[in-house]
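Engineer: I have a structure here, written as structure tokens, and I will follow up with some questions on it.
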Amino acid sequence: MSSLDRRSFLRTWGMTSAAIATSLWGREFLVGPKLAWAAEGSEDPLLAGRPLVRYPGKTDLILLTSRPPQLETPMKYFASAITPNEAFYVRYHIPPPTQVDLSTWRLKVTGHLDKPLELSFDDLQSKFPRASIVAVNQCSGNGRGYFSPRVFGGQWANGAMGNAEWTGVRLRDVLSAAGVKPGAVDVSFNGLDQPVMPTIPDFVKSLSVSRIMDDPNVLVAYQMNGQPLPMLNGFPVRLIVPGWYATYWVKHLSEITVLDKEFDGFWMRKAYLIPDTPCGCVEPGSAPAHTVPINRLDVRSLMIAPTGGERLAARKAVALKGIAFDSGYGIQEVVVSTDNGASWRPAQLGKDLGNYSFREWSLQWTPPRMGRYSLMARATNRIGESEPSEALWNPAGYLRNVVEHVDVTVA
Ligand SMILES: Nc1nc2c(c(=O)[nH]1)N[C@H]1C(S)=C(S)[C@@H](COP(=O)(O)O)O[C@H]1N2
Ligand SMILES: [Mo]
């Protein structure tokens, strides 16, 4: 083709495709996800300027960062206790694998053991008893964006959490089969994801041997809500540590190593540390004298309906609804205030899906007159732990559990 021919070919083709596009637009024939902003219909400043994006295996989630992928669940999905797999938030420190070949994938169990193991996906399903638990997976930094004074780190709103039924095998059964030798101290967990830059340490976490052997709920899960795990939530298997922050819930788990000494990797010794004080907090703006690795979840309650900024009608009943959860003692009570904390009424608790699960709550409310209302919900667990009315502070922006306010207008 001469250059002249090519030019005329391109021009013709260009015109043709433009003509096709125009006619298809006219008939609303162009398909594909509708691009939208996360803040639509919300007054939350943390959502401003953030798009909804769709990743493989996921529905539209709120973008925090794309490299590595960090995607937040829109609050509407917490209207029911189980979070759908496609709406479950995503958090990575390093790039995730995009595919895993199950025919060659093995879970290596090595270290201070009598009989190291290499388990295939089939081995996991056929050689160990199956176990299931409904449990909340919440990022340590969930709600970090609301910290005042502000702190560094991903400025999450409250969507870096989710609740699912996890099915797999008990980690202690796997370790017992491998024969833990006397003198074992910690167990470390590594996944298939690899750092792209040598300055970033591989994401490896650890638990103590006793933490694992005392708790039948620590699982190596191969299913989430009865389905294979979505790739971005850890396919083919991930660690489940009910009651503890999600940093321990290692995804794409491929290597379990039993150690005869304390694990001292970066992600245990330098990151995910909280002040070693009873509240895990320090005076706002100050630095803790001593720190410990983050561990169990604080009590939280969130109002999902109405949403902040919603307009309600005076003298018309509305259902206040939300969820509450804790580190596994179970929710004892949720109380609700519609008068900025002056008085509180008990909400009705929904179905009990187990102590580690979201617990739904609801309360009918009839706004008496027009005006602005600040709605609040406070949960207490079975050992009396609750939420403070003023937010506690720590420099990494972890452990958020203040009584949140939802401001609505009654018109
Ligand atoms: N392999 C691997 N596992 C991981 C991480 C990671 O970066 N890599 N991040 C952890 C952290 S900090 C969180 S909050 C959860 C997020 O789980 P999700 O993406 O399934 O919601 O995964 C944990 N497990
Ligand atoms: Mo996290």
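Engineer: Residue farthest toward the positive end of the dipole of the chain, with Cβ of Lys/Arg at +1 and Asp/Glu at -1: which of Pro284, Leu64, Gln332?
Structural biologist: Leu64
Engineer: Taking the Cα centre of segment 300-410 as the origin, how large is its charge dipole in debye, to the nearest 20, when only Lys and Arg (+1) and Asp and Glu (-1) carry charge on their Cβ atoms? Before the final figure, lay out each step's value.
Structural biologist: Values: 13 positive and 11 negative charges, 90 e Å.
It works out to roughly 440 debye.
Engineer: Here is a follow-up. Taking Cβ-Cβ under 4.7 Å as the only way to count a partner, pick out the unpartnered cysteines of the chain.
Structural biologist: When partners are defined as cysteine Cβ atoms under 4.7 Å apart, the chain leaves Cys139 without one.
Engineer: Taking loop as defined by DSSP and a crowding limit of 11 other beta carbons within 10 Å, which chymotrypsin sites (Phe, Trp or Tyr not before Pro) in segment 101-174 fit?
Structural biologist: The qualifying sites are Phe152.
Engineer: Still on this structure: Please report Rg over Rh for segment 1-271, where both radii come from the alpha carbon positions and Rh follows the Kirkwood definition.
Structural biologist: Using Cα coordinates only, the ratio equals 1.10.
Engineer: Report the local net charge at Gly309: Lys and Arg +1, Asp and Glu -1, summed over other residues whose C-beta lies under 15 Å from its C-beta.
Structural biologist: Working: positive: Lys76, Arg311, Arg372; negative: Glu40, Glu43, Asp44, Glu310, Glu404, Asp407.
Charge balance in the 15 Å sphere: -3.
Engineer: Now for a different question. Considering the zone a paramagnetic label at Gln364 would reach in this model (a point 7 Å from Cα along the Cα-to-Cβ line), which residues of segment 284-323 have amide N under 17 Å from it?
Structural biologist: Residues passing the 17 Å test: 306, 313-322.
Engineer: Same structure, new question: Among Gly183, Val151, Trp166, whose Cα sits farthest toward the positive end of the charge dipole of segment 1-271 (+1 at Cβ of Lys/Arg, -1 at Cβ of Asp/Glu, about the Cα centre)?
Structural biologist: Of the listed residues, the answer is Val151.
Engineer: Using alpha carbon centroids, what distance separates segment 375-402 and segment 244-260, in Å?
Structural biologist: 27
Engineer: Fully extended, how many nm does the chain gain between Glu390 and Ala314 (0.36 nm per residue separation, minus their Cα-Cα distance)?
Structural biologist: Between Glu390 and Ala314, full extension yields 24.4 nm more.
Engineer: Could you give the dipole magnitude of the chain about its Cα centre, charging the beta-carbon of Lys and Arg +1 and that of Asp and Glu -1, in debye to the nearest 20?
Structural biologist: 980
Engineer: Quick one: length gained pulling Arg130 to Lys108 fully straight, 0.36 nm per residue minus the C-alpha distance? Could you put the intermediate results ahead of the total?
Structural biologist: Numbers: separation 22, 0.36 × 22 = 7.92 nm, distance 1.92 nm.
Length difference between fully extended and current span is 6.0 nm.
Engineer: Another question, then. Could you tell me which residue out of Ala246, Pro96, Val299 lies farthest along the dipole of the chain toward its positive end? Charges go on the beta carbon: Lys and Arg +1, Asp and Glu -1, centred on the Cα centre.
Structural biologist: Sorting the options by dipole projection puts first Pro96.
Engineer: At a Cα cut-off below 23 Å, give the lysines reachable from Lys115, other chains included and same-chain residues fewer than 8 away excluded.
Structural biologist: Lys127, Lys181, Lys205, Lys261
Engineer: For a quick check: sort Val220, Val282 by the number of other beta carbons within 10 angstrom, fewest at the front.
Structural biologist: Values: Val220 25, Val282 18.
In order of increasing Cβ crowding within 10 Å: Val282, Val220.
Engineer: Evaluate 2.2 N^0.38 Å with N set to the residue count of segment 300-410, then give the Cα radius of gyration divided by it.
Structural biologist: Numbers: Rg = 14.2 Å, N = 111, 2.2 N^0.38 = 13.2 Å.
Dividing the Cα Rg of segment 300-410 by 2.2 N^0.38 Å gives 1.08.
Engineer: Modelled label-to-label distance, Glu262 and His290, 7 Å Cα→beta-carbon offset: nm?
Structural biologist: Distance between label points: 1.1 nm.
Engineer: Roughly how many nanometres apart are two label points built 7 Å out from the Cα toward the Cβ at Lys181 and Leu35?
Structural biologist: 5.8
Engineer: Only helical DSSP H runs with n ≥ 4 go in: add -39500 (n - 2.57) per run for the chain, normalise by residue count and round the 222 nm mean residue ellipticity to 500 deg cm²/dmol. Please list the in-between numbers first.
Structural biologist: Details: 5 runs with 48 residues, N = 411.
Computed mean residue ellipticity for the chain: -3500 deg cm²/dmol.
Engineer: Which residues' amide hydrogens lie under 5 Å from the amide hydrogen of Leu229, considering only partners 5 or more residues apart or on another chain, with H built in the peptide plane?
Structural biologist: Met224
Engineer: Which semi-axes, in whole Å and largest first, does the equivalent ellipsoid of segment 208-270 have when worked out from the alpha carbon gyration tensor as the square roots of 5 times its eigenvalues?
Structural biologist: 22, 14, 11
Engineer: How many angstrom separate the Cα center of segment 93-119 from the Cα center of segment 124-179?
Structural biologist: Here the two parts' Cα centres lie 19 Å apart.
Each value in this text was obtained by applying a stated rule to the coordinates, not by laboratory testing. What you see is a predicted model; the values in this text were computed from it and never measured. Every residue, glycine among them, receives a Cβ derived from its backbone with ideal geometry; neighbour counts consider all protein chains shown.
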